[in-house]
Amino acid sequence: MAFDMSKRSSYFLISPMALIFAIFLVVPLLTIVIVSFWDYDEYRILPDFIFENYSYLLGSSVTWKIYLNTFKYAALTWGFTLLIGFTVAYFLAFHVRSLTWQIVLFMVCTIPFWTSNIIRMISWIPFLGRNGLLNSALMGLWIVDQPLEFLLFSDFAVVLADVHLYTLFMVVPIFNSMMRIDRSLIEARDAGASGFETLRQVIVPLSKPGIAIGSIFVITVVMGDFITVRLMSGGQSASVGLQISNEIGVLQYPAAAASAVVLLITVLLIVTALLRMVDIRKEL
């Protein structure tokens, strides 16, 4: 009887969070899935149960090209943010001895996040433009004879902006993992190994949970991003998020819902693969 009362009490305690979870996550997702099977024309959305939205989406070569482009952005952004994030986290965790300075330098890393994403993206335009600061400096130093066209409104600009926006998402979890590493393991390893071997055999393996969490953050955000692609490519490139945004803009809600479902499944598969590689429960 006491066990039943304890069980009922547990259900009662979790019911508010379960209700919030259902209202703000489960119900919207179910709504998107249902709408993805509806029909539509130029003026109306028609409740129905059809597969044309998915057959057109998955059967179009344009869709596959857009997904490849999105994967390219995600992979490049992930690679650069991992390199920068790991380096910054390693410096803060192992080369800055004072806790006060660790906090100060970590706060410096967060300064870009004090402004909105759009402002940070727009700030690159006068720097990378044809007559921007970088091209003017390169031409003033006689490094180039004419402005570099690839700097702005290109894939380079999209990846650069994504790295700028999301590197901190990689720094934080990796830094958290590194701060949990027992320093005695590193000291013991240093006695008979080089710094590189210590990094490869001790620090990197013990930092894998943080790397996995940071990778999930970066990849999921980039896969669904559309503002960065729209602004920094000048409308010359596409991503899945931008495709969904364009479909919503022309009131093709069932098609946008189908695209959103496919994107969600794709991201969940990526996250599942990352979770199988690393046990991130150690970080939770």
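The values are calculated or read from the model by the stated rules, or taken from the named source; none is laboratory data. The structure displayed is predicted, hence computed values, not measured ones. Backbone-built Cβ (ideal geometry, glycine too); neighbour counts: all protein chains shown. Heads up: the accessible areas ignore ligands, DNA and RNA and are worked out on the full protein's heavy atoms, side chains in. Shrake-Rupley method; radii C 1.70, N 1.55, O 1.52, S 1.80 Å.
General remarks:
- Accessible area (Å², 1.4 Å probe, nearest 10) - Tyr253: 90
- Spin-label model, Leu46 to Ala22: label points 7 Å out along the Cα-to-beta-carbon direction sit 3.4 nm apart.
- Residue-normalised accessible area of the chain, expressed per residue, 1.4 Å probe, Å²: 61
- Gaussian network model of the chain, Cα within-10 Å springs - most flexible of Leu206, Leu231, Leu160: Leu206
- With every protein chain in place, the chain: carbon and sulfur % of accessible area (1.4 Å): 72
- Fully extending the segment from Leu274 to Gln201 would add 24.3 nm, taking 0.36 nm per residue of separation and subtracting the current Cα-Cα distance.
- By average C-beta atoms within 10 angstrom, highest first, the peptides 221-230, 270-279: 221-230, 270-279
- Computed lengthening from Asp182 to Ile111, 0.36 nm per intervening residue step minus Cα-Cα distance: 22.6 nm
- Extending 7 Å from Cα along the Cβ direction at Met139 and again at Ile14 yields two label points whose distance is 6.4 nm.
- The peptide list 73-80, 113-120, put in order of mean Cβ contacts within 10 Å with the highest first, becomes 73-80, 113-120.
- Nonlocal amide H pairs with Asp39, under 5 Å, H built at 1.01 Å: Leu46, Asp48
- The order of the peptides 260-267, 127-134, 104-111, 169-176 by mean Cβ neighbours within 10 Å, most packed first, is 169-176, 260-267, 127-134, 104-111.
- Table column - 3J(HN,Hα) (Hz), the range 123-137, Karplus curve with 6.51, -1.76, 1.60, x for Gly and Pro: 4, 6, 5, x, 7, 9, x, 4, 10, x, 5, 5, 5, 5, 5
- In a reduced charge model with +1 at each Lys and Arg Cβ and -1 at each Asp and Glu Cβ, the chain shows a dipole moment near 840 debye about its Cα centre.
- In sequence order, calculated HN-Hα J values of the range 149-166 (Karplus, 6.51, -1.76, 1.60; Hz; x Gly/Pro): 7, 7, 5, 10, 6, 7, 4, 4, 5, 5, 5, 4, 5, 4, 4, 4, 6, 10
- In Hz, Karplus ³J(HN,Hα) per residue of the range 240-255 (6.51, -1.76, 1.60; θ = phi - 60°; x = Gly, Pro): 5, x, 5, 4, 5, 4, 5, 5, 5, x, 9, 6, 8, 5, x, 5
- Using only the C-alpha atoms, the convex hull of the chain corresponds to 228 Å³ per residue.
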